[in-house]
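**Student:** Pasting a structure below so you can have a look.
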C-alpha cells in the first residue's frame with residue numbers, strides 16, 4: 001500500500017526567512033524525484049530547530065526511494081521530501097529551545113522518537129518502536145530547510161568540515177557496527193565494501209583491529225579497501241578458496257569478527273563459514289528478501305554471538321564519531337567522491353546508482 005503525505009501549506013510563522021524553498025520531492029509512485037523550487041518552508045514549533053541545509057548525502061535508502069522498489073512502495077508516502085544525511089546552519093529556533101542558536105553549524109540524528117517507550121528510557125532510543133525517520137516518515141533534508149526537534153540536533157565541531165559532517169549518518173552506522181563487535185586486537189572480515197563497508201575498514205583500523213579482510217564483487221572498491229587499511233581483499237565471485245586463505249592466516253580457526261555489510265545471501269553464508277567457532281557476527285546489511293540460511297551450522301553449533309545493528313546509538317556513537325574524526329585516524333576523502341548542486345540531482349543519483357560514485361553529496365549553498 002502506498003501512503004500519501006498531506007499537501008504542504010505555506011508557513012504561518014513570522015520569521016524573516018523565505019516562505020518557500022528548493023526541495024526534492026517523491027512526487028509520484030514511480031521512479032525518480034521531482035525538483036520543486038517553491039516548496040513551503042517548514043514551520044518552527046516551540047522545541048524545534050530550523051536548519052538551513054548546506055550539504056546533503058545520497059544513501060542506499062534514497063536509492064531505494066528513487067528506484068521505487070517493493071520496499072519503497074510499501075513504506076514511503078508520496079509527496080514527502082526525501083533525504084536524511086546532512087550538515088547545515090541553524091536558521092531559527094523555537095521559543096523553548098535553549099541549547100542552540102542561530103548561525104551554529106549542526107547536523108542531526110535522523111531517527112526521531114518521543115522518548116517515552118522502554119528502549120528510549122533505557123539507553124536504546126535507536127531502536128525505539130515509535131521511531132520516525134527523516135526523509136522516510138516525515139519531510140527530510142533534500143531541501144533548503146528542515147525542522148528537527150532540539151533533542152535530535154548535533155553541534156558540528158569547528159575542526160570537522162561540512163562535507164565530512166554530511167556523512168555522519170552512514171559513518172555512524174559503520175562506527176556502531178565496529179564498536180558493537182569489539183574488534184580491538186582481533187581479526188575482522190568485512191563482507192561488502194560499499195559506502196558503509198569502506199567506512200568500516202578505516203574505523204576498524206582506527207579501533208585497533210589486528211587484521212582486516214574484505215570481500216565484495218567490485219574490484220575497484222576492493223582495491224580502495226586495501227588502501228584504507230585492509231590486509232587482503234577478495235572477489236567473492238571467485239569461489240570460496242579465499243576462506244581457506246583466511247583460515248591459514250588465523251591459526252586454521254577463522255576470523256574473530258564478521259561485519260556483514262552487504263545483505264547478499266551468498267556473502268552472509270560465506271562470512272559465517274569464515275568466522276571461527278565462538279566468534280562474533282555484527283549484521284548491518286539488509287537482504288532484499290527472506291534468505292535460506294543454515295542456522296544449525298552457522299550459528300548454533302558454531303556457538304557464535306550474532307548482533308543485529310540498526311542506526312546509531314544515541315548518543316554514544318556520535319561522541320565516538322567525533323573523537324575518531326578529531327584523532328585524524330579516519331580516512332574518508334577517497335570515499336566521498338562527488339558533489340553536485342541540487343539542481344543537478346538527476347546526475348547525482350545516476351552517479352551513485354551506476355557505481356561510478358561512492359558517497360555522492362548534494363550542495364545546497
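Here, each number is a calculation from the coordinates, and none is a lab measurement. Keep in mind that what you see is a predicted model, and the values were worked out from it rather than measured. For neighbour counting, all protein chains shown are included, and Cβ atoms are generated from backbone atoms with ideal geometry for every residue, glycine included.
**Student:** Let me know the Rg and Dmax you get for segment 12-150 when you use only its Cα atoms, in Å.
**Tutor:** 15.3, 42
**Student:** Kirkwood hydrodynamic radius (Cα pairs, Å) of segment 10-78?
**Tutor:** Kirkwood hydrodynamic radius for segment 10-78: 14.0 Å.
**Student:** Continuing with the same structure: If packing is taken as the average count of other Cβ atoms within 10 Å, what order do 198-210, 106-118 fall into, highest mean first?
**Tutor:** 198-210, 106-118
**Student:** Cut-off 10 angstrom, C-alpha nodes, Gaussian network model of the chain. Which of 24, 224, 259 fluctuates the most?
**Tutor:** Result for the chain, Cα springs under 10 Å: 224 fluctuates most.
**Student:** Something else about it: Can you tell me which of 355, 285, 254 moves the most in a GNM of the chain? Springs connect C-alpha atoms under 10 Å apart.
**Tutor:** Looking only at 355, 285, 254, the largest GNM fluctuation is found for 355.
**Student:** In addition: Any chance you could check the Cα centroid distance between segment 18-64 and segment 207-226 for me, in angstrom?
**Tutor:** The two parts, judged by their Cα centres, are 34 Å apart.
**Student:** State, to one decimal in nm², a quarter of the convex hull surface area for the C-alpha atoms of the chain, i.e. the direction-averaged projected area. Present the calculation step by step, with values, prior to reporting the outcome.
**Tutor:** Numbers: hull surface 71.9 nm².
Reported value for the Cα convex hull: 18.0 nm².
**Student:** Let me see the P(r) profile for segment 178-221: every Cα-Cα distance counted, bins of 5 Å, each bin given as a percent of all pairs.
**Tutor:** Result returned by the calculation: 6, 25, 36, 20, 10, 3.
**Student:** Oh, and also: Rounded to two decimals, what is Rg over Rh for segment 171-308 when you use alpha-carbon atoms and the Kirkwood radius?
**Tutor:** 0.92
**Student:** How fast does segment 80-209 diffuse by Stokes-Einstein, in µm²/s, taking the Kirkwood radius from C-alpha pairs at 25 °C and 0.890 mPa s?
**Tutor:** Numbers: Rh = 16.3 Å.
Estimated diffusion coefficient is 150 µm²/s.
**Student:** Still on this model: Using a Gaussian network model of the chain whose springs link C-alpha atoms within less than 10 Å, name the residue from 139, 241, 162 with the highest mean-square fluctuation.
**Tutor:** Of 139, 241, 162, the most mobile in the Gaussian network model is 241.
**Student:** A further question follows. As a test of the formula, what do you get for the chain when each DSSP H run with n ≥ 4 contributes -39,500 (n - 2.57) and the sum is divided by the residue count, at 222 nm and rounded to the nearest 500 deg cm²/dmol?
**Tutor:** Taking each H run of at least 4 residues, the total per residue is -7500 deg cm²/dmol.
**Student:** Using the Kirkwood formula over every pair of different C-alpha atoms, what hydrodynamic radius in Å results for segment 189-267?
**Tutor:** 12.3
**Student:** Right, next: Under Stokes-Einstein, with the Kirkwood radius over Cα pairs standing in for Rh, what whole-number D in µm²/s applies to segment 263-354 at 10 °C and 1.306 mPa s?
**Tutor:** Using the Kirkwood radius from Cα pairs, D works out to 94 µm²/s.
**Student:** Now, a different point. Mean separation of Cα pairs under 8 Å and 6+ residues apart, divided by the residue count of segment 266-365: what relative contact order is that in percent?
**Tutor:** Worked out over segment 266-365, it gives 20 percent.
**Student:** Could you check the spin-label model distance between residue 305 and residue 13? Points 7 Å from the Cα along Cα→Cβ, value in nm.
**Tutor:** It is 4.4 nm.
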